[in-house]
Amino acid sequence: MLKFILKRLLIIVPMALLVVTVTWVLIRVAPGNFYSTERSLPPAIEENIKKKYGLDQPWYIQYGTMMGNILRLDFGDSLKYQGQSVNEIIARHFPYSAILGLLAYLLALGIGLFAGIVAALKQNSAFDYGSMAAAMLGLSVPNFVLGPLLVLLFSLYLYWLPPARWGGPLYLIMPVVTLAAIYAAYIARLTRAGMLEVMRSDYIRTARAKGLKESKVLLKHALRGGIIPVVSFTGPALASLLAGTVVVEKVFAIPGLGNIFIQSVLNRDEPLILGIVAFLSILIMVANLIVDISYGFLDPRIRYE
Amino acid sequence: MREEQHIKDEVMPDADGPVVAGTSLWKDAWKRLLKNKLAVFGLVVIAIMVVVVTIGPWIQQWLTGLTPDYIPEDGDQIRSFPPSWEHPMGTDDAGRDLLARVMQGGQISLMVGIISTIVSLIVGVSYGAIAGYLGGRVDNIMMRIVDIIYAIPYILIVIVLLSVFGGENIPGWINSLSEFFGGGAGLNQIFLLFFALGLVSWLTMARVVRGQILSLKNEEFVMAAKATGVSTPRIIFKHLVPNALGPVIVYATLTVPSVMLTEAFLSFLGIGVQAPYASWGSLAADGIKNIAIFPWQLIFPGVTMALTLFSLNFLGDGLRDALDPQTRKF
């Protein structure tokens with residue numbers, strides 16, 4: 001087990017470097033650059049800019065310097081936000097996304113698991129149909145429609161909640177609900193399907209035949225197997241939630257990392273793009289690793305050797 | 001399911017009894033689909049949506065003379081009006097009829113769904129099938145590439161594709177395709193967007209197909225094909241891929257709503273469909289700016305889109321249950 005974790009942790013480094021390399025190539029392949037605007041610069045100034053950022057060097061030297069910096073975990077300064085290092089920017093904006101994402105994750109997990117389990121246990125009941133229809137609705141309403149509709153209802157008509165920005169707990173309610181809706185829907189569907197499948201399996205029949213209490217059969221035996229598909233979905237989902245969901249940040253004017261990333265791509269802010277991409281890819285890979293490890297705990301039949 | 005397809009449409013003669021025709025997988029699946037009320041609901045809504053979006057603008061123009069880009073000449077009319085008999089969905093800031101714009105936006109949104117899904121199907125199925133069939137080191141490398149692309153935010157890839165192939169550098173075949181629909185720089189960009197979206201949404205399809213091919217490639221019919229000297233590409237695309245079609249179709253129907261959402265999201269960010277063209281996503285994005293005073297500008301395009309996605313998801317679910325009644329993934 002330890003060997004497996006170590007091996008996977010070691011793979012993360014070259015994988016992240018590869019991701020960064022591909023991203024770098026993508027940025028370089030696209031025409032245009034961060035300093036070009038509608039007006040063309042005088043050649044002398046352009047020359048100076050190029051010299052300052054090392055763009056006059058051959059590409060392999062530029063690539064080497066970039067890789068060297070990244071291995072030292074120093075992504076350099078942002079090109080657009082002058083005088084701010086990429087590390088600073090990520091450290092400043094990530095907490096907003098992380099708090100939002102974590103709360104949305106917990107909410108989605110709570111609602112999704114509850115609805116999914118109850119729906120599976122009472123298959124074909126009114127609750128089953130109702131919650132699955134609600135889940136389908138959650139999957140189908142885009143969050144940039146759901147968010148503003150919530151604002152319309154709760155802020156502009158009922159005056160219950162503040163419409164946007166970062167503040168006390170009241171400010172968090174609508175962004176978290178908007179963000180959680182689609183994940184809760186997915187988790188409910190996955191849980192229901194997983195539980196239905198497990199409930200028909202032999203080991204549940206055995207557990208019942210042993211005369212175990214129904215609650216024990218459900219919670220100790222069925223749930224562990226039933227939520228495996230949920231776990232494999234929620235790992236990457238948590239990573240993408242933590243990374244900030246651009247739409248919610250935009251609709252509710254929250255200064256999270258997602259918006260910064262989109263801006264950096266539009267600004268061709270190379271160090272910032274590379275820094276965020278490296279950060280996110282490591283986040284995703286660690287989340288996937290945690291998921292793979294937890295399989296072993298959930299399903300004793302899975303072993304890593 | 002596989003065997004069923006092999007004997008598809010084949011007549012099974014009884015020893016001396018009457019000849020009984022076997023039902024094919026597809027006929028069976030169709031029957032099961034029609035029994036699923038929700039899936040039928042989805043199918044009907046989508047069919048209506050397609051018809052309304054294609055011929056609706058003509059009918060509206062014929063009845064009322066309104067077109068998506070008709071701006072009233074009377075200056076007092078150039079503002080956003082709430083829904084009325086004349087404008088069932090109200091008008092936008094420029095006094096344009098919102099119903100006409102939602103129908104026109106629907107053309108683009110539905111086209112995204114179709115074209116991007118076809119692109120992702122072609123790329124994903126070939127990639128997954130090749131990786132799965134060749135196996136070994138090739139498979140390993142090909143799937144690691146998929147992992148890497150997964151880790152790169154797709155929005156970056158879309159923007160790079162749009163800027164590399166945009167404007168003057170538009171590939172000839174995209175240009176000719178857009179000319180078929182009227183042409184022009186704006187439409188070129190939209191078609192480019194369709195392809196860019198397809199090129200970022202094939203990854204899961206490739207994984208699904210690879211898994212299918214892995215489980216199929218050691219079957220007897222593949223061995224038989226090999227023994228009779230069929231070439232590798234022919235084995236992959238003529239023998240293996242058709243047998244993996246069930247999951248592919250299921251996954252494709254679920255790709256349609258997801259690419260439509262992605263397009264709407266990009267348009268919401270201002271990267272996708274550009275004015276004067278509109279999609280449901282870009283109309284909703286415009287509506288959000290005015291949500292406090294003109295809520296109908298968001299509600300109508302948003303709800304139309306949600307209804308379409310809702311129906312597509314139900315249809316996808318129904319298709320999955322119909323084609324693959326044994327497995328119940330999610």
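Points worth noting:
- For segment A:1-77 versus segment A:161-190, the inter-centroid distance based on Cα atoms is 35 Å.
- Compactness relative to 2.2 N^0.38 Å, alpha carbon Rg of the protein assembly as shown: 1.04
- The calculated P(r) of segment A:1-91, using every Cα pair and 10 Å bins from 0, goes 13, 37, 32, 12, 5, 2, 0 in percent.
- Cα convex hull volume per residue for segment B:125-269 (Å³): 137 Å³
- Cα centroid separation - segment B:230-296 against segment A:257-271, whole Å: 24 Å
- Our summary gives chain A a relative contact order of 29 percent, counting only alpha carbon pairs under 8 angstrom and 6 or more residues apart.
- Over the C-alpha trace of segment B:87-191, radius of gyration and Dmax come out as 19.0, 62 angstrom.
- Averaged over B:302-313, number of beta-carbon atoms from partner chains that fall within 10 Å: 4
- Span-like helix check, chain A: qualifying full DSSP H segments, with Cα axial length of 27 Å or more and mean Kyte-Doolittle of 0.0 or more, are A:2-29, A:86-121, A:169-199, A:270-298.
- Accessible surface for segment A:78-145, divided over its residues, is 46 Å² per residue with a 1.4 Å probe.
- Accessible solvent surface per residue of chain B, calculated while the other protein chains remain in place, 1.4 angstrom probe, Å²: 48 Å²
- Taking only Cα atoms of chain B, radius of gyration then Dmax in Å: 23.5, 85
- Cα-Cα P(r), chain A, percent of pairs per 20 Å interval: 27, 48, 23, 3, 0
- When the helices of chain A are scored as -39500 (n - 2.57) per DSSP H run of n ≥ 4 and the total is divided over every residue, the value at 222 nm lands at -23500 deg cm²/dmol.
- Label point distance in nm, A:Gln123-B:Ala227, each placed 7 Å from Cα along Cα→Cβ: 4.1 nm
- For the pair A and B, total buried accessible area rounded to nearest 100 Å², probe 1.4 Å: 3500 Å²
- Helices in chain B that qualify as membrane-span-like (whole DSSP H runs, Cα extent of at least 24 Å along the helix axis, mean Kyte-Doolittle hydropathy of 0.5 or higher) are B:37-64, B:98-134, B:245-269, B:296-323.
- Solvent-accessible surface (1.4 Å probe) assigned to B:Asp74 amounts to roughly 80 Å².
- Count, lysine Cα pairs under 20 Å in chain A, 8 or more residues apart or across chains: 8
- Taken over segment B:41-116, the convex hull of the Cα atoms encloses 103 Å³ per residue.
- Charge dipole magnitude, Cβ of K and R +1, D and E -1 - segment A:1-129, Cα centre, debye nearest 20: 360 debye
- The number of Lys pairs in chain B with C-alpha atoms less than 14 Å apart, excluding pairs fewer than 8 positions apart on the same chain, is 5.
- Percent accessible area from carbon and sulfur atoms, the protein assembly as shown, protein chains only, probe 1.4 Å: 66 percent
- Mean Cα-pair separation over length for chain B, i.e. relative contact order, pairs under 8 Å, 6 or more apart, %: 24 percent
- Global size of segment B:231-303 as Cα Rg and Dmax, reported in angstrom: 19.3, 65
- For the segment B:140-153, counting C-beta atoms of other chains within 10 Å of every residue's C-beta and taking the mean gives 5.
- Principal axis extents of the Cα atoms in segment B:166-228, from largest to smallest and rounded to whole angstrom, are 52, 26, 19.
- For segment B:190-313, relative contact order (Cα pairs under 8 Å, six or more residues apart, normalised by length) works out to 22 percent.
- Contact residues in segment A:1-49 (at least 40 Å² less accessible area with all protein chains than alone, 1.4 Å probe): A:Met15, A:Val19, A:Leu26, A:Pro31.
- Backbone amide hydrogens, once placed in the peptide plane, bring B:Thr91 within less than 5 Å of B:Phe81, B:Leu98, excluding anything fewer than 5 places away on its chain.
- Taking all C-alpha pairs of segment B:184-330, those more than 22 Å from each other amount to 56 percent.
The values are calculated or read from the model by the stated rules, or taken from the named source; none is laboratory data. Every value quoted in this text rests on a predicted model; they were computed, and no experiment measured them. Cβ sites come from the backbone with ideal geometry, for glycine too, and all protein chains shown count toward neighbours. Accessible surface areas use protein heavy atoms only, side chains included; no ligands, DNA or RNA. Shrake-Rupley method; radii C 1.70, N 1.55, O 1.52, S 1.80 Å.
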